[in-house]
Every structure is written in C-alpha cells, then in structure tokens.
Amino acid sequence: MKLEAKLPLILAPLSLVPAVLVGTLAWREASPLDGDAALALLAVALSGGVAVAAVTFLLLRTLLTRRLRALQQAAGELGRGNALVPLDVQSRDELGDLAQSLRTMGHHLRQSSEQSHYLAYHDSLTKLPNRLMFGEYLKRALAHAKRGGRTLALLFVDLDDFKHINDTLGHAAGDQVLIEFSQRLLHCLRADDYVGRPDPASEEGDSIARLGGDEFTILLPDIEDAFRAATVAERVIAATVPPFWYGDQELHIGASIGITLYPSDGVQAETLIKNADMAMYHAKAKGKNTYQYYREDMNVAAVRRLSLETALRRALEREEFEVYFQPELDLASGRIVTVEALIRWRHPEDGLVLPGQFITVAEETGLIVPIGQWVLTTACRQAAAWRDAGLAGLAVAVNVSGVQFMRQELPELVEEALREAHLAPTALEIEVTQAALMRVEHSVVRQLPALKELGVAIAMDGFETGYSSLGYLRRFPIDKLKIDRSFVAGVTTEAGDAAICSAILAIAKSMGLTVTAEGVEEPAQLEFLRERGCRLIQGNLVSPAVPASAIPALVQNGRR
Ligand code: C2E
Ligand code: MG
C-alpha cells in the first residue's frame, strides 16, 4: 500500500489524541452543565482534532510524499540507464542527501556512457575515428552530397613498407609511427586553406579515420574541384618526407593513396570504399609513395593540372605575366574613356598565353590571389602614368575573381593600390563577374559597399539574364553592366540575342546603370546597340587588347 494511502490510517487514530484530551477537559468543565451543552463541547473538541489531523496530512503530503515520488522516479530512470533525469529535490535532510547521491550516480553514468561511446567510435591508439564512425560519417556525407548536388572525394591512404618497421623494430615502434603519422595527417587538412573548404570544426568538415593497421581514410565531403583531392594527397605524401623517430632510430616511410569521387565513380558507400582501395593498389603498383585516381582519365588530367600549377608559380616568380589593355569607346562622345586590364602570360616556349588557359587553375589553386594583386597594382600604376603623360580622364578596369573576394579584404587592397600609385579612385573600375557574384554572394555583399565608398566604380561582367532573379541588381551597388560577348555576337543574326540585348539595355536604363557591350566586331552590331541606347562598346571593332604602349595612340584617335 502506498505511503499516501497509509497516512489517513495513521492520522485517524492520532487525531483522536487531541480530541480525547480536549474532550476530557471539556467534560470536566461541562459536567456541572446540562447534558446538551456537555455534548456540544465534546463535538467541538472532536472536530478540532479531525481538522488538526487533516492539516497534518496535507503538510506531510506536500513535504514528504511528493519528494519521495520524485526520488523513486529518478531511481527508476537511472536503473533504465537514463543518466539525464532531472531531479528537483534540494532539501537539507535525508531526502536531500539521497537526491544528491542519485545525481552523482547520474553524473558517473553519463561519464561512463560517453566513454564507452568514444571507445566504440575511436581508435584507441591514434584517437582518430575508427571504421565504425567512418562508415556512419560516409553515409551521412553521401546523403548530404546527394541533396546538395556536391562532389565528394574519398582518399584511401596506406603506409608503404610499414610491416617492415613492425617486423624489424617491434610493435612499439610501429605504434609510434602510426601516432605520429595520424598527427601529420590532421595537420595536412588543417593547413588546407583552399577556397570553399568547409569549416573543419563543423560536422560536415573533412575528416580522417584509421580503419585499422596502417590504413587511413580521408573524406572530403564537399569539393568544388575534383583535383583538390590530389592536392590533399600530395600534401599527405609530403608529410611523410621528414623522418620519423623511434628513440634515436631514424625511420623513413611513404604513403600510397587511392582517390575515388562521388558521384562520378560511384554513389554507394561500399562501391566508393572498394574503388579507393583499388586505386590505392594502383598507386602501390606505380612504385609506391604516390596517388592514383580511380579513373585513369582523372590521373592524366591531374598530371597536366599539376604541371600547369607549378608553371604558374614559376611564372609569378619570374615575372612572366603582362597586362594588356582593351579600350571601351563612349558612343556619345566618340572617346575612349576606359581601358580594361587583361592579363597575358608570356610563356618562354609557348609564347603569349591567354587567360582562358590558366585563370581557372589559378583560381582553384588560390594563385589568383597574388596574380590578381599584381594586376591591380600594375593597372593602377599604368593609369597614373597615362594621367601624367596627359591622357586625362582615362580609367582602368580591373577584373577581380570571386576567389579574391573570399580570401582577401579587397577594399583594403584597392585602397592601398590607389594610394601607392597616387591614383584617384574615379580612375579605377572593378569588374566582378555575374557568376562569381552569385557563387560567393556573402563575401561580395559584405565588401562591395566598402569598395563603392572608396569611390571606385563597380561593373558586373559577363552580364546575361539567365540567372533566375534580377532582384540582386538592386541589392548590389553596381554602376555598370557589361553585356556578355555571346549575346552581342548574335544581335544582328539571332532574334533571341537581339531581344536579350534590348531587354538588358531597357533594364539598365530604368535602373540608371551604364552598359558596355562586349565583343563588338561588326559595324552592324555597333549600329544595333547605338540605336537601343548602349553607351559604351568594347571589342575588336574598336581594338583588341593591346600592350600599354599602344594605348596613347588609340586614345588620341579613338573617335569612330
Ligand atoms: P572578360 O573580362 O569578359 O574580358 C573580355 C574578353 O573578351 C577578353 O578575353 C578579350 O580579349 C575578349 N574580347 C574582347 N573583344 C573581343 C572581340 O571582339 N572578339 C573576341 N572574340 N573576343 C574579344 P581575354 O583577354 O582572353 O580574357 C578572358 C577572360 O579572362 C576575361 O573575360 C576575364 O574574365 C578573365 N581575365 C582576364 N584578365 C584577368 C585578370 O587580371 N584577373 C581575372 N580575375 N580575370 C581576368
Ligand atoms: Mg572583364
């Protein structure tokens, strides 16, 4: 029977005690009185006793049984393994002590369940996630990649000749190498400052696991560029170059790495693991200490890409880049008002290389940052030199990649370049491609107003109406639209292109934006654009991009 139910049974006889006492006294007082009065007094005394008993019952119920019930519930939950049960009993008596003990038990239970969870999901030697955790993480990452239409890379890393260390120096030496190697692996990902890399601290970040023995996996759950996996693989291989030490024994090991990609190589976790494993064996067969993609065409492309990256770095060091300039003609005044800076690479063997051949790789490798900075300062200095030579009012337009917005504080760089060249901000225009604006919107949104405040003009490059919403035109502080060459090419032959160009010119007019039509090659195109109110034209009809030295002559007789 519950304590609460027992209480009335205990309290009923107890309630009689004060009642009998009061009754006896009342009887003695009332005996000289008549019988009715004596009975009345007795009744009052008894009901007083019952009231006292009822109050005591309620008090006991509030003070005792409610707390007992909470403790009973907490003990039951703890027994079922639930360590997070809330227990609101704080009194300074035995029940309070009991509650405290239950809380301590809960705390210990929580700690030990966390510990057993950690042990189940981590490798005890290297403290890296183990095969179980890797499997779960891979499945989750695949689901995310599927939903977001992303590319995922899985790298399978196997140490070369690790068995030899274990066999000759014993397992303690092998363990030490594995611990040191796992630290170096973590460093490889942390050092990865590639653009667009997910936050390493986030759930969705890159991750490393030890599957067992000398096998490790690296998961890159969201890569914009499949070659980034090769960059990480190279970094891992480079990380094995410094010797490992066991006591004063110097050890050298290498790593063979297999790379597979979702979705191009497979969509199931099992398939991807198998592919990466196979690719790793190819790497071993290629002579070890190297990486291989699962697909052969990726290997060919990766080699080509790597050599281009190396050549670009060298080109930067050896100052092989040049800036050409292409005029923009103001149709109203017939004057060249702006010249666009366009990078060229004077390759020692291949001659003049156009940016289409290398800008993408420069962006993917981050090299666009120093390259873009060099173009900016060179263009500003050139504009100042033209001004000093008497070409007043000529502005330079500099193309800026979305990657630069993500990696740098462009307003600061622009301000510094202007100051260094003693150039007025009105003589500089920054061109941002529409595609970059859409992709890296956040960093651009933050920086464009600051750029604008400096007084430089902002142009949206490669403008087309394909992006579903034009609402962003209002959100960005843009001065100018540059109509993409592909539309201008068809204005006199394709009804669709003519309609699009007319629409862009109408939108720009209503929003008070200047328009430059790019890639104008024929007089008929120029006339079409002039009739629809296009203010500026750029293209081979006026002049192709030329070295800086050719600009003064063009400006002086620029009128058409
Ligand atoms: P863009 O900014 O749209 O530049 C215009 C491109 O069209 C230039 O190509 C120019 O030479 C070409 N062009 C101009 N008029 C005509 C024409 O009438 N006919 C034809 N067929 N082409 C014409 P270029 O110099 O090869 O540059 C290609 C792209 O590379 C540029 O497109 C720009 O997006 C990028 N780029 C160039 N220099 C830089 C730079 O310093 N930084 C960055 N981030 N990107 C740059
Ligand atoms: Mg441009």
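The values are calculated or read from the model by the stated rules, or taken from the named source; none is laboratory data. Note that the structure is predicted; figures quoted are calculated from it, not measured. Backbone-built Cβ (ideal geometry, glycine too); neighbour counts: all protein chains shown.
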Picked from the range 326-335 (must be of a type in the set (A, V, I, L, M) and over 14 Å from P544 (Cβ atoms)), the residue nearest to ligand 1 (Cβ to nearest atom) is L331
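So which of G466, G490 is away from ligand 2 (no atom under 16 Å from the Cβ), surrounded by fewer than 20 Cβ atoms within 10 Å (Cβ to Cβ) and either modelled with pLDDT under 90 or acidic (D, E) (or both)?
Details: G490 fails: either modelled with pLDDT under 90 or acidic (D, E) (or both).
Every option except G466 fails the conditions.
Look at the range 248-305 and say how many of its residues are of a type in the set (A, V, I, L, M), without any contact (Cβ under 8 Å) to a residue 12 or more places away in the chain and either under 17 Å from F227 (Cα atoms) or buried (at least 18 other Cβ atoms within 10 Å of the Cβ) (or both). Write out each step before concluding.
If we filter the range 248-305 for residues that are of a type in the set (A, V, I, L, M), which is where we start, we get 251, 253, 255, 257, 259, 261, 267, 269, 272-273, 276, 278-280, 283, 285, 298, 300-303.
Okay, now just the ones that are also without any contact (Cβ under 8 Å) to a residue 12 or more places away in the chain, so 285, 300, 303.
Then keep just the ones that are either under 17 Å from F227 (Cα atoms) or buried (at least 18 other Cβ atoms within 10 Å of the Cβ) (or both); that gives 300, 303.
Of the residues in the range 248-305, 2 are of a type in the set (A, V, I, L, M), without any contact (Cβ under 8 Å) to a residue 12 or more places away in the chain and either under 17 Å from F227 (Cα atoms) or buried (at least 18 other Cβ atoms within 10 Å of the Cβ) (or both).
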Here the residues within the range 390-413 that are within 15 Å of ligand 1 (Cβ to nearest atom) and within 26 Å of the chain's Cα centre (by Cα) are N399, V400, S401, G402, V403, Q404, F405, M406, R407, Q408, L410, L413
Please give the helices (runs of 4 or more DSSP H) falling wholly within the range 9-123 in which 2 or more residues are modelled with pLDDT of 80 or more and crowded, with 16+ Cβ neighbours inside 10 Å. 66-79, 94-121
Just for the range 525-560: of the residues that are within 14 Å of ligand 1 (Cβ to nearest atom) and polar (S, T, N, Q), which one is surrounded by the fewest Cβ atoms within 10 Å (Cβ to Cβ)? N540
Looking at L251 and the list (1) over 29 Å from the mean Cα position of the chain (by Cα); (2) outside the structural domain of D160 (by TED's automatic domain parsing), which single condition is not satisfied? (2)
Which one of these is surrounded by fewer than 14 Cβ atoms within 10 Å (Cβ to Cβ) and not hydrophobic (A, V, I, L, M, F, W, C): G402, G366, G372, G356? G356
Look at the range 247-268 and say how many of its residues are out of contact with any strand residue (DSSP E or B) (no Cβ under 8 Å at 6 or more places or on another chain) and in a loop (DSSP other than H, G, I, E, B). 5
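Okay, residues lined up against (1) without any contact (Cβ under 8 Å) to a residue 60 or more places away in the chain; (2) assigned by TED's automatic domain parsing to the domain that holds R228; (3) within 10 Å of ligand 1 (Cβ to nearest atom); (4) within 22 Å of S543 (Cβ to Cβ):
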| site | (1), (2), (3), (4) |
| --- | --- |
| V337 | no, no, no, yes |
| G351 | yes, no, no, yes |
| V361 | yes, no, no, no |
| C380 | yes, no, no, yes |
Subset of the range 272-330 [closer than 30 Å to L342 by Cβ and polar (S, T, N, Q)]: S307, T310, Q326
Check the range 470-480 and report whether any residue there is within 16 Å of ligand 2 (Cβ to nearest atom), hydrophobic (A, V, I, L, M, F, W, C) and in a helix (DSSP H, G or I). no
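If I filter the range 306-348 down to residues being in contact with a Phe, Trp or Tyr (Cβ under 7 Å, 6 or more places away or on another chain) and in a strand (DSSP E or B), which single residue comes out as surrounded by the fewest Cβ atoms within 10 Å (Cβ to Cβ)? So that I can check it myself, show each step before the final result.
First, pick out the residues of the range 306-348 that are in contact with a Phe, Trp or Tyr (Cβ under 7 Å, 6 or more places away or on another chain): 308, 312, 315, 320-321, 339-345.
Within this subset, residues satisfying the condition of being in a strand (DSSP E or B) are 321, 339-345.
On the way: F321: 19, V339: 29, E340: 25, A341: 23, L342: 20, I343: 24, R344: 17, W345: 22.
Among residues in the range 306-348 that are in contact with a Phe, Trp or Tyr (Cβ under 7 Å, 6 or more places away or on another chain) and in a strand (DSSP E or B), the one surrounded by the fewest Cβ atoms within 10 Å (Cβ to Cβ) is R344.
Could you list, in sequence order, all residues of the range 486-528 that are touching a strand residue (DSSP E or B) at 6+ places or on another chain (Cβ under 7 Å) and charged (D, E, K, R)? Please lay out each step first, then the result.
First, the residues of the range 486-528 that are touching a strand residue (DSSP E or B) at 6+ places or on another chain (Cβ under 7 Å): 488, 501, 504-505, 508, 513-518, 520, 526.
Once the filter is applied, which keeps residues that are touching a strand residue (DSSP E or B) at 6+ places or on another chain (Cβ under 7 Å) and charged (D, E, K, R), the range 486-528 yields only E518.
Filter the range 516-560 down to the residues that are of a type in the set (S, T, N, Q) and assigned to a helix (DSSP H, G or I), then identify the one that is farthest from the chain's Cα centre (by Cα). Give the derivation first.
At the first step, the residues of the range 516-560 found to be of a type in the set (S, T, N, Q) are 516, 525, 538, 540, 543, 549, 556-557.
From the residues that got through so far, the ones that are assigned to a helix (DSSP H, G or I) too are 525, 549, 556.
Details: Q525: 44, S549: 44, Q556: 50 Å.
Filtering the range 516-560 for residues that are of a type in the set (S, T, N, Q) and assigned to a helix (DSSP H, G or I), the one farthest from the chain's Cα centre (by Cα) comes out as Q556.
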Which ones in the range 205-247 are closer than 22 Å to E296 by Cα and either hydrophobic (A, V, I, L, M, F, W, C) or without any contact (Cβ under 8 Å) to a residue 12 or more places away in the chain (or both)? I218, L219, L220, I223, A226, F227, A229, A230, V232, A233, V236, I237
Considering only residues that are within 16 Å of ligand 2 (Cβ to nearest atom) and charged (D, E, K, R), which ones fall in the range 320-356? E328, E340, R344
Yes or no: F244 in contact with a strand residue (DSSP E or B) (Cβ under 7 Å, 6 or more places away or on another chain) and surrounded by fewer than 21 Cβ atoms within 10 Å (Cβ to Cβ)? yes
Among the residues of the range 493-524, write down those that are crowded, with 23+ Cβ neighbours inside 10 Å and over 19 Å from A457 (Cβ atoms). C501, V520
Q357 vs. criteria in contact with a Ser or Thr (Cβ under 7 Å, 6 or more places away or on another chain) and either assigned by TED's automatic domain parsing to the domain that holds L367 or over 15 Å from L554 (Cα atoms) (or both): no
